[in-house]
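The values are calculated or read from the model by the stated rules, or taken from the named source; none is laboratory data. Bear in mind that the values here come from a model prediction, so they are computed numbers and not experimental data. As a convention, Cβ positions derive from the backbone with ideal geometry for all residues, glycine included, and neighbour counts pool all protein chains shown. Ligands, DNA and RNA are stripped out before the accessible areas are found, and what is left, the full protein with its side chains, is counted by its heavy atoms. Shrake-Rupley method; radii C 1.70, N 1.55, O 1.52, S 1.80 Å.
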Amino acid sequence: MRNSDRLPPRELPKRRSGRHRNPLSFDNWFGTPALIMAVPGTAERAKDADGESIGARMADLVRAYRPEVTIRYGHTEGDEETLTDALRGLTEGEERPLQGVVVPLVTAPHTCVSAAVERAVADSGADVRITEGLGPHPMLAEVLHLRLAEAGSVRADRMRLISVVARNTTMADGVVVGGVGGEGAVGAAGVTAVLLAARLGLTVLPADLDDEAALERVIGQLRDGGSQRPVIAPSALGPELPWEHLEALAERLGARLGDPLGADSLLGKIAALRYAEILNSLGVEQPPTAEELPAPVGSRHRPDS
């Protein structure tokens, strides 16, 4: 016999289909715009230590977050695999309110890269929107932490065993987060430096890698604070860095030079989020209203009889 006092079985709301199924997915009716990554520098410079293209690797990483999107990349300098080539064919069309979204692969406002991207868009006549760079963003501090840990400069564990004292002579006791690209890049490096300091428990200061005197001054600040093993951590993917000059400068200042960020899955995630921000700003995807949400179920929400 059924117990009338027993609560009815709980029914979970059905999973919403359509646009609100995933906050980062969009309907096919919209004609999902292409995602074009603007890689700084030339195709030759934009290669990692293994000789692989950073643009190609980033495209694969972003595709994991946006499998429904056509992903392209092009370089802001040189004559091979240019950004202008990547933008061809994205002219205005009636079936789509927007043909593409350009994501610059820089971690902060970069004067030269921004000018090159705008010039390529103008030359191609592409119907696209340009996003902000990948930073400042909290995940940048995590990527920097990973690069420093891979080099043995800091602890990989950010919560346990945290200490302001280096455990051996190979670990850094001060970090400089280097920005490149202008005044805006230094400001973004300052944000990342604060987040990285919270992760490491070390003194972390920002510096302009384009300004030799400024970098020397920041290294001096660390040494005045007792740092004996400072490390310069470039907050950049790599192609936009004057690498040979930085290596010579770091050696002269008695500081180690960390690896650039390179292609990373977290950077790919940021690029996917930048893409989504543009589409959301156009009103393509709106959050569900109260009327669109599933009605609550259960004994507390039974309709009045």
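Pairs only if they're at least six apart or on different chains, beta carbon under 8 angstrom, first in segment 55-77 and touching a residue at least 24 places away in the same chain (Cβ under 8 Å), second open to solvent by less than 30 Å² (accessible area, probe 1.4 Å) and of a type in the set (D, E, K, R); list them, first residue then second.
Filtered contacts from segment 55-77: LEU61/ASP264.
Condition test on VAL69, is it modelled with pLDDT of 95 or more and not in a helix (DSSP H, G or I)?
For VAL69, the condition - modelled with pLDDT of 95 or more and not in a helix (DSSP H, G or I) - is not met.
Assess whether ASP60 counts as being under 18 Å from the mean Cα position of the chain (by Cα) and open to solvent by 60 Å² or more (accessible area, probe 1.4 Å).
yes
What do you reckon, is GLU77 under 29 Å from ALA233 (Cα atoms) and among the acidic types (Asp, Glu)?
yes
Return yes or no: is LEU237 closer than 17 Å to GLY135 by Cβ, assigned to a loop (DSSP other than H, G, I, E, B) and either modelled with pLDDT of 95 or more or open to solvent by less than 10 Å² (accessible area, probe 1.4 Å) (or both)?
yes
How do the pairs read when you match residues in segment 189-217 that are hydroxyl-bearing (Ser, Thr, Tyr) with residues anywhere that are in a helix (DSSP H, G or I), using Cβ under 8 Å and keeping only pairs 6 or more apart or on different chains?
THR192/LEU140; THR192/ALA141; THR192/LEU144; THR203/ALA197; THR203/LEU222
What single numbered condition from (1) assigned to a loop (DSSP other than H, G, I, E, B); (2) under 28 Å from LEU200 (Cα atoms) fails to hold for LEU61?
(1)
Select, from LEU202, LEU261, the only residue that is modelled with pLDDT of 95 or more, open to solvent by less than 60 Å² (accessible area, probe 1.4 Å) and in a loop (DSSP other than H, G, I, E, B).
Answer to the check: LEU261.
Give the residue that is farthest from VAL191 (Cα to Cα), with candidates limited to residues of segment 79-118 that are open to solvent by 70 Å² or more (accessible area, probe 1.4 Å) and touching a residue at least 60 places away in the same chain (Cβ under 8 Å).
GLU95
Could you grab me the full set of residues in segment 82-110 that are closer than 16 Å to LEU237 by Cα and outside any loop (DSSP other than H, G, I, E, B)?
VAL103, PRO104, listed by residue number.
Can you tell me which residue within segment 146-173, out of those that are among the β-branched types (Val, Ile, Thr) and open to solvent by 30 Å² or more (accessible area, probe 1.4 Å), is modelled with the highest pLDDT?
THR170
Results for (1) at pLDDT below 95; (2) open to solvent by less than 20 Å² (accessible area, probe 1.4 Å); (3) part of a loop (DSSP other than H, G, I, E, B), shown as yes or no for each residue.
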position	(1), (2), (3)
GLN221	no, no, no
GLY226	yes, no, yes
HIS245	yes, no, no
LEU266	no, no, no
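Of the residues that sit in segment 72-91 and are modelled with pLDDT of 95 or more and aliphatic (A, V, I, L, M), which one is nearest to LEU105 (Cα to Cα)?
LEU83
Report whether or not GLU77 is more than 16 Å from ALA272 (Cα to Cα) and part of a loop (DSSP other than H, G, I, E, B).
Spelling it out, GLU77 is indeed more than 16 Å from ALA272 (Cα to Cα) and part of a loop (DSSP other than H, G, I, E, B).
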